[in-house]
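Q: First the structure, which I've put down as structure tokens, then a few questions once you've had a look.
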Amino acid sequence: MNANDSIPMIADHDALVALCERVARSERVALDTEFHTERSYSPRLMVVQLAFDDGAVIVDPLALPDLRPLLDALAATVVVGHALSSDLKIFADRYERVPPSIFDTQVAAAFLGYGMQVSLADLVRDLERVKLAKSQTVSDWSTRPFTARQIEYLVDDVAHLLPMYDKLVQRLESAGRLTWALEECAQLGDIERFRMNERRAYLRVPGAMRMNRRELGVLSEIVKLRDRMARERDLPLKYIIPDDVVAGLATLRPKRMEELDQLRRLEPGARKSLGRAILEAVARGEEIPEDELPHRPERPLGASRDTLASLMGVVVGELARANELPQSLLVPRASLERVAREVPASREALEDALELSSWRLGLVAEPLWRLLSGEEALRIEGYADGDPKIRLTP
């Protein structure tokens with residue numbers, strides 16, 4: 001049998017309706033996508049693969065450009081996938097929705113000692129004793145019909161997810177960490193995670209650190225203009241206005257069209273089509289009241305505060321090691337730097353400054369407070385025996 005005939009291909013309205021009914025009836029569904037990122041505002045969805053307990057299907061987004069019915073159906077079940085953030089962001093960008101109940105096998109595996117970035121192939125090999133053939137990683141998914149190898153690759157990416165879900169849930173329950181993993185996965189089902197924060201988007205532009213607050217106000221307005229135009233035209237941000245030109249406009253703060261000629265990398269076509277809108281964005285930035293201007297990005301910690309953050313990192317690292325968790329999963333460096341800047345005066349204030357979920361606070365808040373309050377100190381033990389360990393001791 002031809003591979004194209006053995007796996008159902010969902011490419012018309014009636015087939016999509018039937019699939020959505022099947023998805024909504026299912027307790028869990030495995031999901032993966034293939035997409036191209038080169039020439040669009042957000043990645044262009046090329047393929048959606050789904051797997052049930054009794055087989056897989058392939059959805060063709062090029063034949064079915066509106067997949068909102070599928071997103072509605074997925075909202076009624078548990079969606080199982082591996083490293084799903086990129087896939088979910090596409091749904092958020094294109095359809096303003098993501099499935100609310102998510103189980104990410106990469107996230108779950110991190111709670112079982114696999115590290116933060118275990119690949120699907122490695123996890124399948126370890127849990128299912130199957131070696132995936134990853135020969136189509138750079139395949140052109142816009143071509144139709146798919147080859148037999150392409151279909152094999154597409155199906156492999158979802159075929160093992162539900163069996164792995166069962167094994168991971170069992171192991172997490174045995175380790176007493178299922179609640180932790182589910183709490184972490186639940187964040188992926190929050191649409192706000194994938195929306196651009198307009199109030200802070202300007203921070204991603206190189207050079208923002210050197211700008212004063214008025215320039216940052218202008219910068220933020222130009223960044224919002226660029227994002228809106230890129231979304232409307234479905235083009236990458238750099239195709240609208242490159243980052244260095246955005247920064248140049250914020251410091252130049254032009255008021256007349258002829259001033260735009262000073263920016264050599266602002267193409268004539270862009271000056272003609274966007275010039276008036278750019279000047280209006282600059283004017284909006286100039287009109288922001290002083291007390292409402294964006295705050296300057298936080299500068300790097302000074303030497304003593306950086307040392308404090310590093311000492312806290314040592315404690316977190318030992319806690320992560322003892323619990324077989326990646327350190328970056330337990331506490332991000334940014335949280336430790338925030339504590340070093342704010343110097344909270346109580347255990348409760350420390351927890352507020354850390355801004356961590358409940359399971360993380362349960363592991364780290366008390367040891368960190370004992371260190372910061374001077375109740376305990378770091379001590380190296382076992383160095384003379386060639387097996388050094390770091391301990392918090394009174």
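The values are calculated or read from the model by the stated rules, or taken from the named source; none is laboratory data. In this text, all values refer to a predicted model and were calculated from it rather than measured experimentally. Backbone-built Cβ (ideal geometry, glycine too); neighbour counts: all protein chains shown.
Q: Looking for something within 30 Å of Val118 (Cβ to Cβ) and either assigned to a helix (DSSP H, G or I) or of a type in the set (Phe, Trp, Tyr) (or both) - is there at least one such residue anywhere in region 297-309?
A: yes
Q: Any idea which of Leu372, Leu325 is more than 28 Å from the chain's Cα centre (by Cα), buried (at least 16 other Cβ atoms within 10 Å of the Cβ) and of a type in the set (A, V, I, L, M)?
A: None of the others qualify; the one that does is Leu372.
Q: Among all residue pairs at least 6 apart or on different chains, which show Cβ distances below 7 Å where the first residue, located in region 152-172, is in the same structural domain as Glu34 (by TED's automatic domain parsing) and within 20 Å of Met9 (Cβ to Cβ) and the second is modelled with pLDDT of 95 or more and part of a helix (DSSP H, G or I)?
A: Listed by first residue and then by second, the contacts come to Asp157/Leu120; Leu161/Thr105.
Q: Cβ contacts < 7 Å: first residue surrounded by fewer than 24 Cβ atoms within 10 Å (Cβ to Cβ), restricted to region 82-105; second residue of a type in the set (S, T, N, Q) and part of a helix (DSSP H, G or I), any location; separation 6+ or different chain. Result?
A: Qualifying pairs under 7 Å: Ala83/Gln106.
Q: Quick test for you: out of Val107, Val118, Val124, pick the one residue that is among the β-branched types (Val, Ile, Thr), part of a loop (DSSP other than H, G, I, E, B) and over 23 Å from Ser42 (Cα atoms).
A: Values: Val107 fails: part of a loop (DSSP other than H, G, I, E, B); Val124 fails: part of a loop (DSSP other than H, G, I, E, B).
Answer to the selection: Val118.
Q: When residues of region 202-237 are filtered for being within 24 Å of the chain's Cα centre (by Cα) and surrounded by fewer than 16 Cβ atoms within 10 Å (Cβ to Cβ), how many remain?
A: 11
Q: Every residue in region 343-358 that is assigned to a helix (DSSP H, G or I) and either charged (D, E, K, R) or loosely packed, with under 14 Cβ neighbours inside 10 Å (or both), please.
A: Matches in region 343-358: Arg347, Glu348, Glu351, Asp352, Ser358.
Q: Can you spot a residue in region 287-299 that is within 26 Å of the chain's Cα centre (by Cα), surrounded by fewer than 13 Cβ atoms within 10 Å (Cβ to Cβ) and without any contact (Cβ under 8 Å) to a residue 40 or more places away in the chain?
A: Scanning region 287-299, I find no residue that is within 26 Å of the chain's Cα centre (by Cα), surrounded by fewer than 13 Cβ atoms within 10 Å (Cβ to Cβ) and without any contact (Cβ under 8 Å) to a residue 40 or more places away in the chain, so the answer is no.
Q: In addition: Among the residues of region 253-265, is any acidic (Asp, Glu) and at pLDDT 90 or above? Full working, then the answer.
A: Looking only at region 253-265, we keep the residues that are acidic (Asp, Glu), and these are 258-259, 261.
Add one more test, that the residue is at pLDDT 90 or above, and what stays is 258-259.
Yes, region 253-265 contains at least one residue that is acidic (Asp, Glu) and at pLDDT 90 or above.
Q: Free of Cβ contacts under 8 Å to residues at least 24 places away in the same chain, under 30 Å from Ala110 (Cβ atoms), among the polar types (S, T, N, Q) and not in a loop (DSSP other than H, G, I, E, B) - does that describe any residue in region 323-342?
A: Pass one, region 323-342, residues free of Cβ contacts under 8 Å to residues at least 24 places away in the same chain: 327, 332, 334-335, 338, 342.
Pick out the ones that are also under 30 Å from Ala110 (Cβ atoms) and you get 327, 332, 334-335, 338, 342.
Right, trim to among the polar types (S, T, N, Q) and you get 327, 335.
Adding the requirement that they be not in a loop (DSSP other than H, G, I, E, B) leaves 327, 335.
Yes: one or more hits.
Q: Is one or more of the residues making up region 269-287 within 30 Å of Ala110 (Cα to Cα) and not aromatic (Phe, Trp, Tyr)?
A: Within region 269-287, not a single residue is within 30 Å of Ala110 (Cα to Cα) and not aromatic (Phe, Trp, Tyr).
Q: What pairs come up if the first residue lies in region 194-220 and is β-branched (Val, Ile, Thr), the second is in a loop (DSSP other than H, G, I, E, B), and their beta carbons are under 7 Å apart, counting only those six or more places apart or on different chains?
A: Val218/Arg253
Q: Which residue, of Glu38, Glu27, is of a type in the set (Asp, Glu), in contact with a strand residue (DSSP E or B) (Cβ under 7 Å, 6 or more places away or on another chain) and surrounded by fewer than 17 Cβ atoms within 10 Å (Cβ to Cβ)? Working first, answer last.
A: Values: Glu38 fails: in contact with a strand residue (DSSP E or B) (Cβ under 7 Å, 6 or more places away or on another chain).
Of Glu38, Glu27, the one residue that is of a type in the set (Asp, Glu), in contact with a strand residue (DSSP E or B) (Cβ under 7 Å, 6 or more places away or on another chain) and surrounded by fewer than 17 Cβ atoms within 10 Å (Cβ to Cβ) is Glu27.
Q: For region 370-394, enumerate the residues that are in a loop (DSSP other than H, G, I, E, B), in contact with a strand residue (DSSP E or B) (Cβ under 8 Å, 6 or more places away or on another chain) and farther than 24 Å from Ala345 by Cβ.
A: Across region 370-394, the qualifying residues are Gly382, Pro388.
Q: Which condition from (1) surrounded by fewer than 21 Cβ atoms within 10 Å (Cβ to Cβ); (2) under 22 Å from the mean Cα position of the chain (by Cα) is the one that Thr33 breaks?
A: (1)
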